[in-house]
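One structure is given below, encoded as structure tokens.
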Ligand SMILES: [Zn+2]
């Protein structure tokens, strides 16, 4: 019986192995990308219901333009991309849900400064989504807490708990009030993939260093930090990691 259980677990493990694009890291994800995308769409619908969309035509267009350029090189034919700007100056955040639903809050724009800064955040968030970091984190949490049968059932039935889990897993506390930081490994990986995506889309990856330096400055001496920073722990090592990958990213940069 015990042997059978081990064999069964092994099969589940192999079946649920995914490969992260660019980094080629193997990750264990307990549900299909279709299930994940469907949850992402539902979670996005919930965000839309509870948010005010910006009417600033110029800024909305800018978010769309940057998003579409990066989406083009992200190579996700099944994604139904959408880019929105939420009118909320107090929320310093941005996210990309599985399936390609991207939102920026107006509160993060001053930190982005310009189109290049927006491209840094956009590429980084899209990188989290295509690397399926939220799904991986959800899987890890669920293995620990519930056991995979219950997970599969919750995701299949698209229960409110499953939707909440995906919002939380993507660092989005809007509906759940809880913000989980991405792991350091996920952050470094999203920085790396993000660099390549922005370079491929024709944005100078050097701008990522400047952006995270601005972030570091903002963080210094603050007791309360904005959402984006609480889910994106930032330190000097992070910037060093980005610098390390710059030469590779620059090979894709063809302005
Ligand atoms: Zn991140």
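For the range 39-117, rounded, prolate or oblate, judged on the Cα gyration tensor with a ≥ b ≥ c (square roots of eigenvalues), a/c < 1.5 rounded, else prolate if a/b > b/c?
Note, shape of the range 39-117 comes out oblate.
Suppose each label sits 7 Å from its Cα in the direction of the beta carbon; what would the residue 49-residue 251 distance come out to in nanometres?
Distance between label points: 4.7 nm.
Quick one: which of 186-197, 23-34 comes out on top by average Cβ neighbours within 10 Å, and what's the full order, highest first?
Order by mean packing, descending: 186-197, 23-34.
Between residue 114 and residue 183, how many nm apart are label points set 7 Å from Cα along the C-beta direction?
Placing both labels 7 Å beyond Cα along the Cβ direction yields 3.8 nm.
Taking R0 as 35 Å, what FRET efficiency do you get between residue 209 and residue 19 from their Cβ-Cβ distance, rounded to the nearest 0.05?
After rounding, the FRET efficiency stands at 0.80.
Please give the peptides 109-116, 49-56 ranked by average Cβ packing (other Cβ atoms within 10 Å per residue), highest first, as a rough proxy for protection.
The densest-packed peptide leads the list: 109-116, 49-56.
Please compute the length gained on full extension between residue 243 and residue 217, using 0.36 nm multiplied by the number of residues separating them and subtracting their Cα-Cα distance.
Fully extending the segment from residue 243 to residue 217 adds 7.6 nm.
Under a point spin-label approximation (7 Å from Cα along Cα-to-Cβ), what is the residue 140-residue 56 distance to one decimal in nm?
3.5
Computed from the coordinates by the stated procedures, all read-outs in this text should not be read as laboratory data. It should be emphasised that the depicted structure is a prediction, and the values quoted were computed from it without experimental measurement. Cβ: placed from backbone, ideal geometry, glycine included. Neighbour counts: every protein chain shown.
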